[in-house]
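Working notes, structure below.
Readers should treat all values here as calculations from the given coordinates under stated rules, not as data from a laboratory. As the structure is a prediction and not an experimental result, all values here were calculated from the model. No Cβ is skipped: glycine too gets one built from the backbone with ideal geometry, and neighbour counts run over all protein chains shown.
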Amino acid sequence: MKMRILTIFILAVFLLQFSHGVILIPLSLLSIFSFSLGAVFLAILGAYLIATGATGILGVMTMALALLAVEVGELERIKAPASHYLIATLSVGLAIPLYLITLGLSTLKFPLDVTWIAVVFAFALYIFIRQSLFNG
């Protein structure tokens, strides 16, 4: 429970950086109750970040923290070993280097927007986490 609360607290600090971000803070608590409600929060947060144009490094870090909060909640529910927390944290931490890679690719004038590439990387990371932690 401590790790989940700490992650949500850090997420709340990031959400305060956005206009109307304070509205999303109570929604972030949905991940405490169930994984499905946490997934709903991730969808709402993603739509909010794209709608407000928060597609920079702050937006990526915010989405990564939200993903980590949902995953940590699930890990705590199943009473996973400490190594799983480390793997989840490191995996989500790769969002920043991946964002920088996509930013570098965008300077090469690929026709894809950096945000869409980052979203694809985030979903691939999510699938990797779910498969490696819960099926292995």
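The table below lists the values:
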read-out: Answer from Thr107, Thr89 - the residue that is touching a helix residue (DSSP H, G or I) at 6+ places or on another chain (Cβ under 8 Å), over 26 Å from Ile23 (Cβ atoms), surrounded by fewer than 16 Cβ atoms within 10 Å (Cβ to Cβ) and not hydrophobic (A, V, I, L, M, F, W, C); value: Thr89
read-out: Only listed residue being within 11 Å of the chain's Cα centre (by Cα), surrounded by fewer than 16 Cβ atoms within 10 Å (Cβ to Cβ) and not hydroxyl-bearing (Ser, Thr, Tyr), chosen from Ala43, Ala66, Ala82, Ala47; value: Ala43
read-out: Elements of type helices (runs of 4 or more DSSP H) contained in the range 1-92, each with 3 or more residues being closer than 19 Å to Ala122 by Cα; value: 2-15, 35-52, 57-77
read-out: Looking only at the range 69-79, and only at residues there that are acidic (Asp, Glu) and surrounded by 19 or more Cβ atoms within 10 Å (Cβ to Cβ), the one that is nearest to the chain's Cα centre (by Cα); value: Glu71
